[in-house]
Structure formats: C-alpha cells, structure tokens
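Heads up: the structure comes next, in structure tokens.
The values are calculated or read from the model by the stated rules, or taken from the named source; none is laboratory data. Values in this document were obtained by computation on a predicted structure and should not be read as measured data. Heads up, the Cβs are rebuilt from the backbone with ideal geometry, glycines too, and the neighbour counts pull from every protein chain shown. When the accessible area is computed, the model is the full protein with side chains, heavy atoms only, and any ligands, DNA or RNA have been set aside. Shrake-Rupley method; radii C 1.70, N 1.55, O 1.52, S 1.80 Å.
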Protein chains: 2
Amino acid sequence: MPKQTIGFVGLGAMGYGMATHLVKTGYKVHGYDVFPASVERFAAAGGIPASSLRESAEDKQFYICMVASAPQAQEVLFGESGIVQYLPQNATLIITSTVPAYYVQSVANELVSRNRSDILLVDSPVSGGTFRAAAGTLSLMSGGSEEAISSAREILQDLSDENKLYLVPGGVGAGSNMKMLHQVLAAIHILAASEVIGFAARLGLNARQTEERIRSGKGWTWMLENRFERMVAEDWNPGASALTIILKDAGIITTSARQANFPTPLSSTAEQIYLAALSQGYASKDDSAMVRQYFPTPIADVASPADIDTESAFQLVLDLSLGINLVAAAEAIGFALHLQTDFPQFYDLVSNAAGGSRVFNEHANEMRDGLGEKGTTGETLDEAIARLEKVVQKARDMHVPLHLGNAALSVLLLARRRVDGGVPSTGVVRVFS
Amino acid sequence: MPKQTIGFVGLGAMGYGMATHLVKTGYKVHGYDVFPASVERFAAAGGIPASSLRESAEDKQFYICMVASAPQAQEVLFGESGIVQYLPQNATLIITSTVPAYYVQSVANELVSRNRSDILLVDSPVSGGTFRAAAGTLSLMSGGSEEAISSAREILQDLSDENKLYLVPGGVGAGSNMKMLHQVLAAIHILAASEVIGFAARLGLNARQTEERIRSGKGWTWMLENRFERMVAEDWNPGASALTIILKDAGIITTSARQANFPTPLSSTAEQIYLAALSQGYASKDDSAMVRQYFPTPIADVASPADIDTESAFQLVLDLSLGINLVAAAEAIGFALHLQTDFPQFYDLVSNAAGGSRVFNEHANEMRDGLGEKGTTGETLDEAIARLEKVVQKARDMHVPLHLGNAALSVLLLARRRVDGGVPSTGVVRVFS
C-alpha cells in the first residue's frame, strides 16, 4: 500500500529529522516553516516544499504540527492563515509539539467551536533527540479518541521505535501529560549534568574520567551521558538542544503542577536557574552550557592534580548525583501517582528514554509500591541525608553553588519530618504523598 | 566609677562603631585591626591604637573580639600571636562576632585544653547595623556562665539599647544560636527585598512608590526598609553590608541546620543565589546589589507607564512579599522550636530587630501555639497558595526568576500534602514539625 500524503509544519531540529525520515519511508511530505532556509533544506533532502501554511494543509488528509510551543501551535492552527480552515473533511491532525495538556485539550474544544469536530486530533509529543528523530526511532506518547489513534497509527509507528509507541489511555491531553512527567526528570537531569560535572571540576577532577565512572555506575543519567560531549567541547552555538527548549518544558511542568496544586521543588529550582541563565544571554546556547553556572572556565582544561584525593573527591561527586537523582525520581513518581498515570507505562517510557537514570530505573517501582522493611537502595533515609549533607557542606566550604544538591537535601530533610529516618531512602517519595 | 580598659580587635564597619561608642562612653579602648588604616581611623576618633594583637591584649581585663568570621576568630584567639596567651588571669573575653554555636563552644573547650579556663567567656553576637553600633543601641544575644555574664554585663549594657540586651539561657553557644535563628529571617529578607523590588520593576512599577506602599502595609520587612535607599541609589561600592557578610551568616544557618538535620529550604535557596552572585564578582558589594539578579538596569529609571494596571501589579508584588515572609517566618519558627529556644525571647528579639517583618510580628505566636479554627492571617493555606501561584505564574510568563517566591510556593505545596488546605495559612509551619 502506498504511503499517504502528509502536511508538516515546523522544520526545526526535531521536525526536520522527523519529516525527512517520513520522506525516506515513502510518504509524500509537504513541509512548511516560517524560516525559508529550513524549507529549502527540507526540499534538498527530498521533501516537497510548501510556500505557505495554506499550501501545506490543503488536501492533506494527514497533518503533523511540530512547532516549538503552544503559542506557535495556536497561530499555526487557528491564526489568520491557520491550517484548520484548509484541512479537508475528516483529516487527521497530529500535534507532536511539547505543549501543556490543558493546551491540547483547548485545541479539541476550539475545533468543536469552529465546527471542525470532523478533524481527528491526536496529542502525541515525542522524546529522543534529533538523532532518533531522523532514524524514526523516537518515543511517542499518543493520546486521542480510538478513531483518531487508529487513523494516525501507521504514521505514529513509522516515527517511533518498535516498542516505543506509547498509546496513553485518557484521550487528548494524556500524551502531553505523560511527556510532562517524563520531562520532570529531563529538566532536573539536564541541570544536574552541569552541576555534577561543574562540581567535579571545582574539586579538581578530570571531567572525562569522572563522566566515564559515573556513566558506568549508579549515578548514570541519560542526560549526563548525552550532554557530556557538548559540555566538554563547549559546542554551544547554536545549541543542539537550546536552553529555551528545556526552559519551555520546565514551564509546562511547573504550570501544570500549580494547576494540580502539586509541589515540584527540584523542577522549580532547575527552572529558576534556567531563567537566570536566560537573562545572562544563554537563550540560544545548548543547555549543556549550564556548566558555566558552576565552573567559570572550560572543564576540559581540568586535569586531576597529583595532590588531591581523587577517590574521596569522586565519591562526593557520585553522592551528589545519587542524591539529586533520588529526589528527582521521587518528584516525578509522586506527581505521576497524583495524576493517576498508568504507572507501568510511565516506568517503561522513562526508563527507556531521555528521562532515565539508574536510580529511577532500579528503584521507581519500590517508590510506587511503598516500602518493604528492606529497601533496594541499600541505605536508609538518614544515610542518604548524611551522604548528601557531606557533599553540600564541602561545596559550601569551597563557595560553590549546588542549586539542585541543596534543594534535594531540603526535600530529604522535609521528608524526614514525616517519616522515620530508618526507612529505606526511597521513602523520600512520601513527602509528596 | 571609672570605666574599664578594654582590648578590641576587628575595627570593620560594625566593630569601629562599637569601639568608638565605648570610647565616647568613657572606656579606654585599645583597638587593633589587620588593616593599619582602620587602626588610624580609630585613633583619630579617640581610640588608643594597638600596634599588634599582643599589645591589644596584654593587661586587658576585658577583651572584645569583633572579627568577621570563625576562622578569623580562631587566628586571633589561638594563632601564633593569639591573644589568649597574653590576656591576664580571669580576664573576660566577649566574642561579638557572628559565628556558629558549635564554634564558640569549641573556643570554650580550647580554653580548657590550654589551661586558660580562668578566662570568662561570653558568647554575644549583635544585630542592628552600623548606625546602632555607633549609637550603642544594638541588640545583643549573650550566653555564658553566670560569672562571665555578670563580669561583662556593664559593657554589654553599654553596647546595647535598654531593652535589647538578651541574656539567653543555655550558656556559651546559646547567644550564637539565637543570632543564627534571627539570621534565618535576615538572610531570606535581604534577598527578598531585591526579589520584590526587582519584580516590581519588571512589572513597570515605580520603585519608590512600591517600597512606600509595602513599608506602610502588611508586606513590611525591616530589611526592605533598610536596604531600599542603597538599592535605588546603587550605593554598592564598597558595601555598607557586603554580600560576603550575609553569605557567611547563611552558611552558619545551613551548616547548623544540617547538623541538626533540620530543613531550611528558603535560607538555602537564598544562600545558593548569594553564592551565584559571588562568582559573578559581587563579593564586596552591598547586598542590596542583589537586585541585579532580578532587574538588569537601575530601578530608579522605572517610572510607571500610563498603560499598566498599577493596582493589580502592586497586588502581585505585595503577594510575593507576603508569601515569602510567611514561609520565612515558618522556617525560622520551626527551627527555633526544634532547637527548644526560649520562644518569647526569640519573638521579642526578632520582632524588634533586623529580622522583623509584619507577618512575623503579627503571626509568630499563632505559628508557635498551633492553630485555632480561625487564624489571624485572614486566609486559609489554600488561599495563600492560590495568591502566590498567581504571582509565580505571572513572573514565569514574563521570564523573570523568582527564586524565593518559587521556593516558598514549593514549601506551601509540600505543607498542603500534610495538612488540610482549609487551615489558616500559618499552618504552613507544620511542614517543619
């Protein structure tokens, strides 16, 4: 069966990868972007250039919207030249942009109020980065009516890895909420990568050796592994993953959390530091440039001098990573439970995508199920507190900021006011329950 | 009766004021400082210059140590030229520096181990700023043995206002702990002053009008009133109250809190932002320069334009101040209760000193006593959350960081996980219990 014809808007880093992959897979893709250069690049890669939103939408039974934000999506869909007025009857509209759940639900309502309830709306944010976008192996979190999902399914499957198309129950908004929960971990881990490696540099540790040891051990996060090369090469201009992107996602998290009256102290701390960096001119730089908030010169220049105790220093760095990752996992899991998310799906998604950490992957289920007498982390809440306190004190003595380390410690200590210090350290999740 | 002869070390902003006031009161004060210019200035004001630590200490039955930090005090007391070796038998040693309680307790131990237990040690940090130092109207928080306090009492009284000599029960360390608890509010309110006025400027509000309205209303803090003129004049070089001073005090708070396993999320947030400013070169600047973390140009240049809704904007600024001050009060009170501090004394001290805020002054006792059905704040916890959420969302929409506002909201929302949202807003203190 020949592949369908698709309209596509938003040919940025992710969108270009997705659209060109669809072209390679056999679709006829009519691509549009506000930047003509992006359209030209797409045409050069075999795509069909559209010269206007209207041209991208007319007669297209399938349409993918991959712009960067909800305001952009609103303009693309319902603005003066908005595509909704041009889409044919019963078209399938797939929004792959990362937007708040309440926004995509407002799109469904606006389609009704504009007498276009014939349009089949799929809420399907993605995760995985530009490489997986171009390879068609993204993780997709898709919500919508049965009819809409069924219509979009082949395209969704072609964009995603075999096991990474998550059909999220709950209709339009459920996909975006799942992505938002995933981004709780992503938003924290991105800043944590800079905080951990910046702290290591302050301690005089060689960056590459530190990253290799953390990657191969309990402190691993997908984000640290992914961002490290750009961090060490200072490959920031323009950013492969611009600060503004994760800042936008952090805003979706904290705004959604406020609507749900749910605390997200680490996401919020990360967001505030991203905002501070924004005002320092980091908007378009790669988010791995956040290492500058912790270390003033290139980390590549740090070579462990002979006179430092490398093992103790490394232990501090590892403990910082573990402490942040523990509380990050608790925050994301607490929020997921609060939103009554399908937990196995949430776990499967996060542990196989950019939000993954070894701490999350190994202990998330214990956090959900509650605590046995013996936890799987091998340490009590009091022991986790003691380890992180040592790190935070060392950084303080050295006048090094540790925004997330300190925020994580506050959460652990607040948890300690509620539960006995002898429970397994995963018990920190109870502060959110 | 003629006044005694006193040795004095540390003729900085506070020490100079205190020492010259003692001179005016009739004491013979032999002053020393590592900076010769400070000694000369003191001599010009009628003080007796000491050319060495030894000269400042020999034959002085009374000695005041007003250096800036515990490491400096350690050097002055027990270093190679340390004064303890030169003080006469049964001398009275008053440490007015702000140091951690555990440090001043270590001084008591070291006096014993050096066979100088004859020295009467008084732990007596001060509060009130340079003006009150020079006027002899400081607040003093004094701990020590009955004999030591009795010996030092006339000097302590001469340094302090009539009702502001607080004899803190608990011996050496109790004074420093009381000061530390006071500084919880000071450290938070100093950053809050910049956050509140910086946010007002971002909203387009005239700074002076905003400050006047906040000062005369529920949002008042001693720190905002005190720092505002320097903030608006950008009178920062060198600082009347250098960033490093409040940063040191914040470090005493968070280090003491870690030792007590007690969470201080707002103090910790403030400390991290002070540390970030330190690395941006603000060390010696006045702490009111923290407004630069929130607004990039002089706030004096902001004149409310005609097209903004001044009343709604002001309400947001006021709500920010109220939200921060509420959680700051809860954090300080929770910590004070945890340390089993003499609460009426703590309340009297804070409400009449630099840590005061209208929120603290009016609602602290309700926070201690627990909650009646009707609180005195006139609003429920859920209402306080809703107000602060609106502020935080507005700032987020404008890309303005609100470090304390967001941290305060996280604490309120974490409290909301423990107590019913219908309790009076002072119920936030229960998150610390």
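Assigned to a helix (DSSP H, G or I) and outside the structural domain of A:Ser256 (by TED's automatic domain parsing), is that true of A:Val76? So A:Val76 fits the description; yes. When the stretch A:268-287 is examined, which residues are found to be open to solvent by less than 10 Å² (accessible area, probe 1.4 Å) and touching a Gly at 6+ places or on another chain (Cβ under 6 Å)? Across the stretch A:268-287, the qualifying residue is only A:Asp286.
Please verify whether B:Thr254 is at pLDDT 95 or above, part of a helix (DSSP H, G or I), open to solvent by less than 10 Å² (accessible area, probe 1.4 Å) and closer than 29 Å to A:Ala386 by Cβ, treating the condition exactly as stated. So B:Thr254 passes the test.
Taking the criterion of being farther than 26 Å from A:Tyr86 by Cβ and of a type outside the set (A, V, I, L, M, F, W, C), the residues of the stretch A:106-145 that qualify are A:Ser127, A:Gly128, A:Gly129, A:Thr130, A:Arg132, A:Gly136, A:Thr137, A:Ser139.
Restricting the stretch B:30-39 to residues that are surrounded by 14 or more Cβ atoms within 10 Å (Cβ to Cβ) and not in a helix (DSSP H, G or I), which is farthest from the chain's Cα centre (by Cα)?
As a first pass, look at the stretch B:30-39 and keep what is surrounded by 14 or more Cβ atoms within 10 Å (Cβ to Cβ): B:30-34, B:38-39.
With the extra rule that they be not in a helix (DSSP H, G or I), the set shrinks to B:30-34.
Working: B:His30: 28, B:Gly31: 25, B:Tyr32: 25, B:Asp33: 23, B:Val34: 25 Å.
Ranking the candidates gives B:His30 first.
Would you confirm whether or not the stretch B:211-221 contains a residue that is without any contact (Cβ under 8 Å) to a residue 12 or more places away in the chain and in a loop (DSSP other than H, G, I, E, B)? For the stretch B:211-221, residues without any contact (Cβ under 8 Å) to a residue 12 or more places away in the chain and in a loop (DSSP other than H, G, I, E, B): present.
For B:Phe42, work out the one condition from (1) assigned to a loop (DSSP other than H, G, I, E, B); (2) open to solvent by less than 60 Å² (accessible area, probe 1.4 Å) it doesn't fulfil. Tallying (1) assigned to a loop (DSSP other than H, G, I, E, B); (2) open to solvent by less than 60 Å² (accessible area, probe 1.4 Å), B:Phe42 fails exactly one: (1).
Quick check on the stretch A:249-265. Is at least one of its residues in contact with a Phe, Trp or Tyr (Cβ under 9 Å, 6 or more places away or on another chain), among the aromatic types (Phe, Trp, Tyr) and within 8 Å of chain B (Cβ to nearest Cβ)? Yes, that holds for at least one residue. Once the stretch B:420-433 is narrowed to residues that are more than 24 Å from the chain's Cα centre (by Cα) and in a loop (DSSP other than H, G, I, E, B), the residue that is nearest to the other protein chains (Cβ to nearest Cβ) is B:Gly421. I'd like the residue in the stretch A:111-130 that is of a type in the set (D, E, K, R) and surrounded by fewer than 21 Cβ atoms within 10 Å (Cβ to Cβ) and, out of all such residues, is farthest from A:Lys60 (Cα to Cα). Among those residues, the one meeting the criterion is A:Arg114. The set of residues in the stretch B:1-29 being open to solvent by less than 10 Å² (accessible area, probe 1.4 Å) and assigned to a strand (DSSP E or B) consists of B:Ile6, B:Gly7, B:Phe8, B:Val9, B:Val29.
Give the residue, chosen from B:Ala152, B:Ala133, B:Ala108, that is over 22 Å from B:Ala13 (Cβ atoms) and open to solvent by less than 10 Å² (accessible area, probe 1.4 Å).
Numbers: B:Ala133 fails: over 22 Å from B:Ala13 (Cβ atoms); B:Ala108 fails: open to solvent by less than 10 Å² (accessible area, probe 1.4 Å).
So the residue among B:Ala152, B:Ala133, B:Ala108 that is over 22 Å from B:Ala13 (Cβ atoms) and open to solvent by less than 10 Å² (accessible area, probe 1.4 Å) is B:Ala152.
One line per residue, one yes/no per condition, for (1) within 25 Å of B:Leu191 (Cβ to Cβ); (2) in contact with an Asp or Glu (Cβ under 6 Å, 6 or more places away or on another chain); (3) modelled with pLDDT of 95 or more:
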{"site": "B:Phe335", "(1), (2), (3)": "yes, no, yes"}
{"site": "B:Tyr347", "(1), (2), (3)": "yes, no, yes"}
{"site": "B:Ala353", "(1), (2), (3)": "yes, no, no"}
{"site": "B:Val359", "(1), (2), (3)": "yes, no, yes"}
{"site": "B:Met367", "(1), (2), (3)": "yes, no, no"}
{"site": "B:Thr376", "(1), (2), (3)": "no, yes, no"}
{"site": "B:Asp382", "(1), (2), (3)": "no, no, yes"}
{"site": "B:Ala395", "(1), (2), (3)": "yes, no, yes"}
{"site": "B:His403", "(1), (2), (3)": "yes, no, yes"}
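When we screen B:Asp158, B:Asp249, B:Asp235 for residues that are assigned by TED's automatic domain parsing to the domain that holds B:Ser284 and closer than 20 Å to B:Ile94 by Cα, the only hit is B:Asp249.
Determine whether A:Leu224 is part of a helix (DSSP H, G or I), open to solvent by less than 10 Å² (accessible area, probe 1.4 Å), of a type in the set (A, V, I, L, M, F, W, C) and within 24 Å of A:Glu379 (Cβ to Cβ). Answer is yes for this residue.
Do we find that A:Glu195 is over 21 Å from A:Asn352 (Cα atoms), open to solvent by less than 40 Å² (accessible area, probe 1.4 Å) and out of contact with any Asp or Glu (no Cβ under 8 Å at 6 or more places or on another chain) in this structure? Outline the logic, then answer.
Details: over 21 Å from A:Asn352 (Cα atoms): yes; open to solvent by less than 40 Å² (accessible area, probe 1.4 Å): yes; out of contact with any Asp or Glu (no Cβ under 8 Å at 6 or more places or on another chain): yes.
Considered against the rule, which asks whether it is over 21 Å from A:Asn352 (Cα atoms), open to solvent by less than 40 Å² (accessible area, probe 1.4 Å) and out of contact with any Asp or Glu (no Cβ under 8 Å at 6 or more places or on another chain), A:Glu195 comes out as yes.
If only residues of the stretch B:288-309 that are within 20 Å of A:Leu402 (Cα to Cα) and buried (at least 22 other Cβ atoms within 10 Å of the Cβ) are counted, the one that is farthest from the chain's Cα centre (by Cα) is B:Tyr294.
The numbered conditions (1) more than 9 Å from every other protein chain (Cβ to nearest Cβ); (2) not in a helix (DSSP H, G or I) are all true for A:Arg230 except (2). Of the residues making up the stretch B:57-77, not a single one is within 25 Å of the chain's Cα centre (by Cα), over 23 Å from A:Asp397 (Cβ atoms), surrounded by fewer than 22 Cβ atoms within 10 Å (Cβ to Cβ) and modelled with pLDDT under 95.
Could you grab me the full set of residues in the stretch B:319-352 that are open to solvent by 30 Å² or more (accessible area, probe 1.4 Å), more than 22 Å from B:Leu138 (Cα to Cα) and in contact with a Lys or Arg (Cβ under 9 Å, 6 or more places away or on another chain)? The one that is open to solvent by 30 Å² or more (accessible area, probe 1.4 Å), more than 22 Å from B:Leu138 (Cα to Cα) and in contact with a Lys or Arg (Cβ under 9 Å, 6 or more places away or on another chain): B:Leu337.
For (1) open to solvent by less than 10 Å² (accessible area, probe 1.4 Å); (2) closer than 20 Å to A:Met180 by Cα; (3) modelled with pLDDT of 95 or more, each residue gets a yes or a no:
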site: A:Glu212; (1), (2), (3): no, no, yes
site: A:Ala233; (1), (2), (3): no, no, yes
site: A:Asn237; (1), (2), (3): no, no, no
site: A:Ser241; (1), (2), (3): no, yes, no
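For the stretch B:177-184, check the following and say yes or no: at least one residue is in the same structural domain as B:Met398 (by TED's automatic domain parsing), over 30 Å from B:Ala108 (Cβ atoms) and either among the β-branched types (Val, Ile, Thr) or surrounded by fewer than 24 Cβ atoms within 10 Å (Cβ to Cβ) (or both). No, the stretch B:177-184 contains no residue that is in the same structural domain as B:Met398 (by TED's automatic domain parsing), over 30 Å from B:Ala108 (Cβ atoms) and either among the β-branched types (Val, Ile, Thr) or surrounded by fewer than 24 Cβ atoms within 10 Å (Cβ to Cβ) (or both).
Residue count for the stretch A:387-419 satisfying the condition of being open to solvent by 10 Å² or more (accessible area, probe 1.4 Å), more than 7 Å from chain B (Cβ to nearest Cβ) and touching a residue at least 24 places away in the same chain (Cβ under 8 Å): 6. Among the residues of the stretch B:87-105, the ones that are within 21 Å of B:Leu140 (Cα to Cα) and either open to solvent by 10 Å² or more (accessible area, probe 1.4 Å) or not in a strand (DSSP E or B) (or both) come to 11 in all.
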